[in-house]
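The values are calculated or read from the model by the stated rules, or taken from the named source; none is laboratory data. This is a predicted model, so every value here is computed, not measured. Accessible surface areas use protein heavy atoms only, side chains included; no ligands, DNA or RNA. Shrake-Rupley method; radii C 1.70, N 1.55, O 1.52, S 1.80 Å.
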Amino acid sequence: MTQIREPERRTRVLRGRPYSLDEFAAKYGLRNEQAESLFTRFGPSSIELDLLMAAKRRAPVQPDRIAE
């Protein structure tokens, strides 16, 4: 009998501090649907999401809120 293998889920190492969904949407002026789609596909990593938005040529609308 042939065994069916489930695809392995690869987990990403979190680089940088994590964004909350609301913080990410506000920083780049995204609608909730857009932000949620990117957030679920690329994870909460601030470095990964900032690089993605830079590649899309989307400048931040609001500055980072690091100390809050």
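Quick notes on this structure:
- Ligands, DNA and RNA aside, Glu33 has an accessible area near 120 Å² when probed at 1.4 Å.
- Measuring with a 1.4 angstrom probe and ignoring ligands and nucleic acids, Ile4 comes out at about 150 Å² accessible.
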